Amino acid sequence: ATAFGPTVTSFVQPQPVPKPRDFVLWSFFNTIFCNPLCLGFIALVFSIKARDRKIAQDPAAAGSYGKTAMHLNIVAFCLGTVATIACIVLVVMYYNNWRAGA
C-alpha cells in the first residue's frame with residue numbers, strides 16, 4: 001500500500017543583486033550649475049554609460065562607470081562651490097573698494 005501524505009516543498013529565494021547607482025540626476029545638476037573644466041559633462045557621460053550597462057544586465061561595468069561618475073561629481077561640485085564662493089567674495093570686495101573710492 002502506498003501512503004499519500006502532505007508534500008513539503010521548499011523555495012529558496014536567491015539573494016537580490018544590489019543594483020549599482022548611476023548618479024544621472026546629480027551629473028545633470030553638475031552639468032548645468034557646477035561645470036568647472038567640463039567635469040559635470042564628463043560625469044554625465046559616465047552616468048549614462050552606467051545606466052546603459054545596468055539595462056544590459058552588466059552590473060560589474062555599471063558599478064565601475066557609476067563609481068567614476070560619483071567621483072567626478074564630487075570633484076565638480078567641490079570646485080564649482082569653491083569657484084562660486086570666490087566669485088561672490090571678489091564681487092563684494094570690488095563693490096566695497098568702488099564704494100569707498102567714490
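The values are calculated or read from the model by the stated rules, or taken from the named source; none is laboratory data. From a predicted model like this one, the values you see are computed outputs, not experimental measurements. Here the Cβ is made from the backbone with ideal geometry for all residues, glycine too, and neighbour counts use every protein chain on show. Only protein heavy atoms, including side chains, enter the accessible area calculation; ligands, DNA and RNA are left aside. Shrake-Rupley method; radii C 1.70, N 1.55, O 1.52, S 1.80 Å.
Evaluate the following for Val82: is it open to solvent by 90 Å² or more (accessible area, probe 1.4 Å) and at pLDDT 90 or above? Outline the logic, then answer.
On the way: open to solvent by 90 Å² or more (accessible area, probe 1.4 Å): yes; at pLDDT 90 or above: yes.
Judged against the criteria, Val82 is a match.
When you go through Ile74, Ile42 one by one, which is the residue that is outside any loop (DSSP other than H, G, I, E, B) and out of contact with any helix residue (DSSP H, G or I) (no Cβ under 8 Å at 6 or more places or on another chain)?
Ile74
Out of the residues in region 28-48 meeting the condition of being in contact with a Ser or Thr (Cβ under 6 Å, 6 or more places away or on another chain) and within 23 Å of Thr84 (Cα to Cα), tell me which one is most open to solvent (accessible area, probe 1.4 Å).
Phe41
Look at Val91 and say whether it is open to solvent by 70 Å² or more (accessible area, probe 1.4 Å), part of a helix (DSSP H, G or I), among the β-branched types (Val, Ile, Thr) and over 22 Å from Asn30 (Cβ atoms).
On the way: open to solvent by 70 Å² or more (accessible area, probe 1.4 Å): yes; part of a helix (DSSP H, G or I): yes; among the β-branched types (Val, Ile, Thr): yes; over 22 Å from Asn30 (Cβ atoms): yes.
Considered against the rule, which asks whether it is open to solvent by 70 Å² or more (accessible area, probe 1.4 Å), part of a helix (DSSP H, G or I), among the β-branched types (Val, Ile, Thr) and over 22 Å from Asn30 (Cβ atoms), Val91 comes out as yes.
Answer yes or no: is there a residue in region 9-27 that is of a type in the set (Gly, Ala, Ser) and either more than 28 Å from Val75 (Cα to Cα) or open to solvent by 70 Å² or more (accessible area, probe 1.4 Å) (or both). Break it down into steps so the answer makes sense when it comes.
Narrowing region 9-27 to residues of a type in the set (Gly, Ala, Ser): 10, 27.
Retained after the next criterion (residues that are either more than 28 Å from Val75 (Cα to Cα) or open to solvent by 70 Å² or more (accessible area, probe 1.4 Å) (or both)): 10.
Checked against the condition, which is being of a type in the set (Gly, Ala, Ser) and either more than 28 Å from Val75 (Cα to Cα) or open to solvent by 70 Å² or more (accessible area, probe 1.4 Å) (or both), region 9-27 yields at least one hit.
Just give me the residues in region 53-78 being more than 12 Å from the chain's Cα centre (by Cα) and under 16 Å from Phe28 (Cα atoms), in sequence order.
Hit for region 53-78 is Cys78, nothing else.
Limited to region 65-100, what total is found for residues that are within 19 Å of Asn35 (Cβ to Cβ) and either among the aliphatic types (A, V, I, L, M) or touching a Pro at 6+ places or on another chain (Cβ under 7 Å) (or both)?
So the answer is 13.
Of the residues that sit in region 49-59 and are in a helix (DSSP H, G or I) and out of contact with any helix residue (DSSP H, G or I) (no Cβ under 7 Å at 6 or more places or on another chain), which one is most open to solvent (accessible area, probe 1.4 Å)? If you could, list the steps in order and put the result at the bottom.
Step one: of region 49-59, the residues in a helix (DSSP H, G or I) are 49-55, 59.
Cutting the leftovers down to out of contact with any helix residue (DSSP H, G or I) (no Cβ under 7 Å at 6 or more places or on another chain) gives us 52, 55, 59.
On the way: Asp52: 85, Ile55: 126, Pro59: 69 Å².
Residue satisfying both the conditions and the ranking: Ile55.
Is it the case that some residue within region 16-27 is at pLDDT 90 or above, aliphatic (A, V, I, L, M) and in contact with a Ser or Thr (Cβ under 9 Å, 6 or more places away or on another chain)?
yes
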